[in-house]
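A short worksheet on the structure shown next.
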Protein chains: 2
Amino acid sequence: MKTAKSVFVADLFDANEPKKTPITVSTLREAEYFADGGYTDILYAVSIEPGKFTRAAALLRQGVRLKVILDNIATASALDEFAKQQDTLFHVFVEVDVDGHRAGCLPDSQELLQLAKSLSSAPNIELLGLMTHAGISYDSENIQQAFEFAEQEQQRILHARDRLLAAGIEVNYVTIGSTPTVVAAESFAGIQEIRPGVFVFFDLFQAQMGACDESDIALSVLCAVTTHKPDQHALLIDAGGLAMSKDRSTAAQNVDYGYGKLVTLEGEETGLIVNAVNQEHGIVKLPEGKLCAEYPIGTRFRVLPNHACMTAAAYDSYHVIDANEPLANWPRCNGW
Amino acid sequence: MKTAKSVFVADLFDANEPKKTPITVSTLREAEYFADGGYTDILYAVSIEPGKFTRAAALLRQGVRLKVILDNIATASALDEFAKQQDTLFHVFVEVDVDGHRAGCLPDSQELLQLAKSLSSAPNIELLGLMTHAGISYDSENIQQAFEFAEQEQQRILHARDRLLAAGIEVNYVTIGSTPTVVAAESFAGIQEIRPGVFVFFDLFQAQMGACDESDIALSVLCAVTTHKPDQHALLIDAGGLAMSKDRSTAAQNVDYGYGKLVTLEGEETGLIVNAVNQEHGIVKLPEGKLCAEYPIGTRFRVLPNHACMTAAAYDSYHVIDANEPLANWPRCNGW
């Protein structure tokens, strides 16, 4: 849920029993927000540190099955001690680093075994299993590369699991992440849970990498032409660095979409991108042969984002539309 | 106010009559927020376009002296017509482009004269004067260059004013912008108003450019060490791309601070920067000779931002502190 951060989006995943769906969040505020929205099975997927124990415990007391992750004995011992003082039980995954792009114990490390052993015998900790997120999948140039990273993600975390099993540590839940790898994977044998995030909206980066079609992108920023700059053969629009974010993740891809790609309100191609941004201005350079006058002041476009997670975070709600008809306004949470 | 976006910050500027201070905002939501906070003299400093007339008129009806900017006859005519239908009067500045970095008429252009003439005779428009923002000042490598851009900003807008005066168009208010140019300028002869924004907090970019000292930076992001990565000789912190923004404006300066510079809670140097970010993870590479163990999990730092406007926008309030003692929590507005 780290992309959508909206109870209304989460509720779509199981229309019969929406609040029962286990969800993953990226901040404690998100956890608190979804708990207030009725969700009770929540994985907080950023390494917990002692400064966050109190807030985490408050969620447990509230009846939320909050699951946390960690990758080192110092935090594990501190958490067990804290849980004892609070007379509570923490639910913990060991994070495994499958590609050097995120936190976690290395699959072949002694630390992994020691930590799992320590957690499995800690009286105030329930060791749930292993989790990872294949951050390297964002280096994929195409879906075939993502598939290879997906294979690597699964092989390495299952290798870590097997080492624990061989050491007599019961590990019966393995959770993996990343939109590119779960889209690219062909099977999930031995995997109990997948945690894609950005798939909920997708974006230009994901489309170009092959994780989706561009027509799958469900998030766009409505903008207006505010100024003509005929001397610069450019338009200014009212979507700048804050409206789009300064994420430039398509810069390393075959087609660099600048700060976003302009389509019509109906989603049709315009041949335009946001080439540069100030805080509230987007600068759109016109292709050869196009004139400012073809885009009167006030003309509306949608801007497709490079990175939906970063762009969505600038807004406190979503205008949900169907064929440009407003259907609803869905609040989201931000912050930490 | 486009950086702070907080009534509590605005109120600091004139303790005797805070709400009387004329302020400049960058979105209509900001204008509405400050109007709700009691401010009545507000310049909306992004070119108005027809889709925003209705919201602007609502502020006028609410008793706010909302001032808007534009740079073309099409918008001017549409605004005058709209104002007539609404039986209201719009207060308008003509935007002047002094350096090709923002909207506005060129100072020597015929369009400038025609537009000013048209506005001065439009029955439902009050022509207030000329405004500009020297966006090029963000290309300054040092304060001397900013000074030269400041001279250029003032010379060109005063040249534009003189052309209007010579044409019999009364222009008695000139407003200029940009923190670098107003800090660098030695005088403001002929200028009625300055509109710096980021000066309210300053940031690493401004400090390195010479607009402030690093000790002037009043905004930082509190973070914690969440993970040790001894194999990568790195720490992970819980301030990533959302917490800092993906602004990389120090990348083009002498010292590249990555996504921000880590200082202690007391503001002392650490020799560390945020080298890379994921959504919620910051990656801090350790200098030669430093070990992860010197920074226990849970260690707190402050991260100074590259660009305060972008970083502040991720938060809905400021924790105001004095020597790490909490003094207050000041809400801010975001969005459009």
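Where a number appears in this text, it was derived from the coordinates with a stated rule and is not lab data. This structure is a prediction, so every number in the text was calculated from the model and none was measured. Every residue, glycine as well, gets a Cβ built from its backbone with ideal geometry; the counts of neighbours run over all protein chains shown.
What is region B:220-304 by shape, rounded, prolate or oblate, if you read a ≥ b ≥ c off the alpha carbon gyration tensor as root eigenvalues and call it rounded for a/c under 1.5, prolate for a/b larger than b/c, and oblate otherwise? Because its axes are fairly even, with a/c under 1.5, region B:220-304 counts as rounded. Restricting to Cα pairs below 8 Å that are 6+ residues apart, what does the relative contact order work out to for region A:220-304? Please round to a whole percent. About 40 percent, as a whole number.
Shape class for the protein assembly as shown: prolate, because the ratio a/c of the largest to smallest gyration tensor axis (alpha-carbon atoms, square roots of eigenvalues) is 1.5 or more and a/b beats b/c. Of the complete DSSP H runs in chain B, those spanning 27 angstrom or more by Cα along the long axis with a mean Kyte-Doolittle score not below -1.0 are B:143-166. The relative contact order of region A:1-131 comes to 18 percent, based on Cα pairs under 8 Å that sit 6 or more residues apart. Compactness of region A:7-201, taken as the C-alpha radius of gyration over 2.2 N^0.38 Å, stands at 1.01. About its Cα centre, chain A has a charge dipole of approximately 820 debye under the convention of +1 per Lys or Arg Cβ and -1 per Asp or Glu Cβ, with nothing else charged. Prolate is the label for chain A, because the ratio a/c of its alpha-carbon gyration tensor axes (a ≥ b ≥ c) is 1.5 or higher and a/b is greater than b/c. Paramagnetic label reach from A:Ser317 (point 7 Å along Cα→Cβ; backbone nitrogen cut-off under 14 Å): within region A:8-52, residues A:8-9. Between the alpha-carbon centres of region B:274-336 and region A:229-305 there is a gap of 31 Å.
With the simple spin-label model, which puts each label point 7 Å out from Cα in the Cβ direction, the A:Glu288 to A:Asp139 separation comes to 3.7 nm. Taking every DSSP bridge with both residues inside chain A, close to 50 percent are antiparallel. Across peptide A:284-291, the mean count of Cβ atoms from other chains lying within 10 Å of each residue's own Cβ comes to 0.
Take every Cα pair under 8 Å whose residues are at least 6 apart in sequence, average their separation, divide by the length of chain B, and the relative contact order is 14 percent. A DSSP coil position with no more than 14 other Cβ atoms inside 10 Å describes the following GluC sites (Glu not before Pro) in region B:277-336: B:Glu288.
Taking the number of Cβ atoms within 10 Å of each Cβ as an exposure proxy, the fewest-first ranking of B:Val255, A:Val200 is B:Val255, A:Val200. My understanding is that a pair violates if its Cα-Cα distance is over 31 Å; which of A:Lys2/B:Lys20; A:Lys2/B:Lys5; A:Lys52/A:Lys261 do that in this structure? Over 31 Å Cα-Cα: A:Lys2/B:Lys20; A:Lys52/A:Lys261. Mean per-residue shielding of peptide A:223-231 is 6, counting Cβ atoms of other chains within 10 Å of each Cβ.
Listing A:Met310, A:Met209 from fewest to most neighbouring C-beta atoms within 10 Å gives A:Met310, A:Met209. For region A:60-114, a simple Cβ point-charge model (Lys and Arg +1, Asp and Glu -1, everything else neutral) yields a dipole of about 400 debye relative to the Cα centre. Cβ crowding within 10 Å, taken as a proxy for footprinting-reagent exposure, orders B:Ile157, B:Ile125 from fewest neighbours to most as B:Ile125, B:Ile157.
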